[in-house]
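Engineer: Submitted below is the structure of interest, expressed as structure tokens.
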Amino acid sequence: MKLIPLDIDFCNSKACCNDLLKNENHQDIIETVLYYLNKRGCKSFQKVCAFIRDIVLLPEQTDYHKQFCRLLFGSGMIGKLEKEILSQNYFKRTAAIYSLAKICSRKSTDVMKYSLTKLLKNDPLTAVYLTEEIWWLEGAEKDWEIFNKLCSSGLYCRWGALDILSRVNGNDDFNKRKINFIEQFINDESLLIRSEALCVLEQINFSNSAEISTDNILNPKKCNMTPAITFCKVKNLLEGRLFTERKTNYTPKYIDRIIENNNKNQNSLKNDNTKYSDT
């Protein structure tokens with residue numbers, strides 16, 4: 001195997017990717033990328049994943065680019081990314097999932113669905129993300145069975161399922177199902193889910209309204225019942241906390257603590273506002 005000198009910090013420009021494809025043996029490129037994917041280190045893995053996405057998604061569809069993509073999709077690189085969906089490192093898991101979806105590796109959906117069953121119990125954030133990316137790869141024909149599994153797999157999976165519906169649209173049949181699920185979430189046992197479901201439904205009803213003026217588009221309406229915390233905010237808080245604490249994994253209890261801390265901060269802010277308003 002010939003390793004190509006590859007500076008993974010700067011190799012993801014269009015010009016660099018194009019030069020590699022024109023001037024280097026394609027099999028050597030793939031072997032070099034696999035070498036870096038197998039090296040220890042989350043940052044290295046994420047950067048190599050970014051390179052894979054950039055080189056596959058080059059806008060110039062030259063013959064040598066098409067030849068490279070055919071070779072890549074038949075190589076061990078796809079299998080390596082699929083394997084990392086169940087990595088012990090949260091950031092590796094999400095980078096692998098994002099890369100498989102971004103490069104449209106539709107043949108990976110079976111492996112992704114199998115991995116989903118492994119993630120549902122202990123990794124709700126990745127399970128939610130994986131479900132959304134599977135749906136994206138499937139196009140118009142969504143697999144509602146995996147969505148139903150998400151909805152029956154605990155608080156954070158249900159909450160994440162609602163988050164998916166808040167951002168994904170489809171044909172009439174899809175949108176009818178979507179509304180039915182959101183209406184069920186409005187009656188969920190969890191206040192966290194009920195609060196966000198009410199807001200999501202209000203925003204959908206507003207978007208479907210015939211009375212959408214230019215002012216509404218330039219100044220989007222905010223939900224009258226904005227929840228104190230959303231699934232998206234929890235995900236961002238968790239990833240930020242993992243990064244600052246140099247952790248590579250989490251547990252559902254870790255999410256519990258993040259929500260508790262957020263509620264304490266919210267209550268503290270309310271108390272401060274009340275104190276200053278009385279003076």
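Engineer: What pairs come out if I take residues in region 245-266 that are under 25 Å from Ala95 (Cβ atoms) and open to solvent by less than 60 Å² (accessible area, probe 1.4 Å) and pair them with residues that are part of a helix (DSSP H, G or I) and of a type in the set (Lys, Arg) whose C-beta lies under 7 Å away, six or more apart or interchain?
Structural biologist: Ile258/Arg241
Engineer: Go through (1) more than 22 Å from Asn208 (Cβ to Cβ); (2) open to solvent by 50 Å² or more (accessible area, probe 1.4 Å); (3) at pLDDT below 95 and name the single condition Glu145 misses.
Structural biologist: Looking at each condition in turn, Glu145 falls short on (3).
Engineer: I've got another one for you. Of the numbered conditions (1) part of a helix (DSSP H, G or I); (2) open to solvent by 60 Å² or more (accessible area, probe 1.4 Å), Gln61 fails exactly one; give the number of that condition.
Structural biologist: The failed condition is (1).
Engineer: I would also like to ask the following. Only one of Lys142, Lys118, Lys92, Lys149 is of a type in the set (Lys, Arg) and closer than 30 Å to Ser13 by Cβ; which?
Structural biologist: Testing whether each residue is of a type in the set (Lys, Arg) and closer than 30 Å to Ser13 by Cβ leaves just Lys92.
Engineer: Return only the number of the condition from (1) in a loop (DSSP other than H, G, I, E, B); (2) open to solvent by less than 70 Å² (accessible area, probe 1.4 Å) that Glu189 does not satisfy.
Structural biologist: That leaves (2) as the condition not met.
Engineer: Still on this model: Determine whether Leu130 is in contact with a Phe, Trp or Tyr (Cβ under 7 Å, 6 or more places away or on another chain), surrounded by 21 or more Cβ atoms within 10 Å (Cβ to Cβ) and assigned to a helix (DSSP H, G or I).
Structural biologist: no
Engineer: If I filter region 73-82 for residues that are assigned to a helix (DSSP H, G or I) and either closer than 21 Å to Lys149 by Cα or among the polar types (S, T, N, Q) (or both), do I get at least one hit?
Structural biologist: yes
Engineer: Restricting to region 133-148, give me the number of residues that are in contact (Cβ under 8 Å) with a residue 12 or more places away in the chain, farther than 28 Å from Asn249 by Cβ and part of a loop (DSSP other than H, G, I, E, B).
Structural biologist: 2
Engineer: Go through the residues of region 198-205 one by one and say whether even a single one is open to solvent by less than 20 Å² (accessible area, probe 1.4 Å), in contact with a Phe, Trp or Tyr (Cβ under 6 Å, 6 or more places away or on another chain) and under 23 Å from Ile255 (Cα atoms).
Structural biologist: Among the residues of region 198-205, not one is open to solvent by less than 20 Å² (accessible area, probe 1.4 Å), in contact with a Phe, Trp or Tyr (Cβ under 6 Å, 6 or more places away or on another chain) and under 23 Å from Ile255 (Cα atoms), which makes the answer no.
Engineer: Out of the residues in region 27-42 that are within 16 Å of Ser99 (Cβ to Cβ) and in contact (Cβ under 8 Å) with a residue 40 or more places away in the chain, state the one that is surrounded by the fewest Cβ atoms within 10 Å (Cβ to Cβ).
Structural biologist: That would be Asn38.
Engineer: Out of the residues in region 73-103 meeting the condition of being within 12 Å of the chain's Cα centre (by Cα) and among the aromatic types (Phe, Trp, Tyr), tell me which one is nearest to Glu31 (Cα to Cα).
Structural biologist: It comes out as Tyr98.
Engineer: Being assigned to a helix (DSSP H, G or I), open to solvent by less than 60 Å² (accessible area, probe 1.4 Å), out of contact with any Pro (no Cβ under 9 Å at 6 or more places or on another chain) and closer than 21 Å to Asp110 by Cα is true for just one of Cys16, Cys69. Which residue is that?
Structural biologist: Just one listed residue meets the conditions, Cys69.
Engineer: Being surrounded by fewer than 18 Cβ atoms within 10 Å (Cβ to Cβ) and part of a helix (DSSP H, G or I) is the filter here; which residues of region 83-97 pass it?
Structural biologist: Lys83, Leu86
The values are calculated or read from the model by the stated rules, or taken from the named source; none is laboratory data. Everything quoted here is computed from the prediction, not taken from an experiment. Counting neighbours? That spans all protein chains shown, and the Cβs are built from the backbone with ideal geometry, glycine included. Protein only, heavy atoms only, side chains kept; ligands, DNA and RNA dropped before computing areas. Shrake-Rupley method; radii C 1.70, N 1.55, O 1.52, S 1.80 Å.
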